[in-house]
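This report refers to the structure that appears directly beneath it.
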Amino acid sequence: MGISATETAAARVQAFLAKRGKGVGLRLGVKTTGCSGLAYKIEFVDTPANDDHKFDSNGISIFVDSKSLQFLDGTVLDYTKEGLQEGFKFTNPNVKDECGCGESFTV
């Protein structure tokens with residue numbers, strides 16, 4: 001399946017990378033935390049890691065480590081702006097439940 005980004009998310013990542021002045025893409029992963037067990041993490045990639053899987057989508061490269069891929073496979077990354085709130089949004093087909101605050105999830 002892989003990981004993909006909407007055009008809106010890709011444009012935002014490209015803008016962040018341009019402002020930053022370096023980087024080859026974005027790394028998505030998961031960490032153990034929160035009331036539901038897992039939370040997303042996002043960081044810029046200057047040098048890919050040996051265990052990274054690379055997915056190209058709408059002009060950006062998305063890197064995912066081997067451990068996180070099982071939880072993220074099929075995920076679509078979007079960027080939304082609603083009123084004063086804006087940020088990346090994950091549409092992950094593997095999620096079975098989310099906590100009430102939306103910060104963590106279970107697969």
Could you work out the helix-only [θ] at 222 nm for the chain, with each DSSP H run of four or more residues adding -39,500 (n - 2.57) and the total divided by the number of residues, to the nearest 500 deg cm²/dmol? -6000 deg cm²/dmol
A chain fully extended from Asp73 to Ala15 at 0.36 nm per residue, minus the present Cα-Cα distance, gains in nm 18.4 nm
Once you keep just the Cα pairs under 8 angstrom separated by 6 or more residues, what percentage relative contact order results for the chain? 31
Quick one: if you take sqrt(5λ) for each eigenvalue of the C-alpha gyration tensor of the chain, what semi-axes come out, biggest first, whole angstrom? 22, 17, 12
Please give, to one decimal in nm, the separation of the simple spin-label points placed at Val95 and Thr47, each 7 Å out from Cα toward the Cβ. 3.4
Pairs over 18 Å Cα to Cα, from Lys54/Lys89; Lys41/Lys67; Lys31/Lys81, come to Lys54/Lys89; Lys31/Lys81
Taking the Cα centre of the chain as origin, sum charge times position over the Cβ atoms of Lys and Arg (+1) and Asp and Glu (-1), and report the length of that vector in debye to the nearest 20. 260
Neighbourhood net charge (14 Å Cβ-Cβ; Lys/Arg +1, Asp/Glu -1) for Ala10: -1
Which one, Ser4, Phe16, Ser66, projects farthest toward the positive side of the charge dipole computed for the chain from Cβ point charges (K/R +1, D/E -1)? Phe16
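A short reminder: the numbers here are calculations on the coordinates, not readings from a lab. Here the structure is a predicted model, which is why all the values come from computation and not from measurement. Don't worry about glycine lacking a Cβ; one is built from the backbone with ideal geometry, like all the others, and counts go over all protein chains shown.
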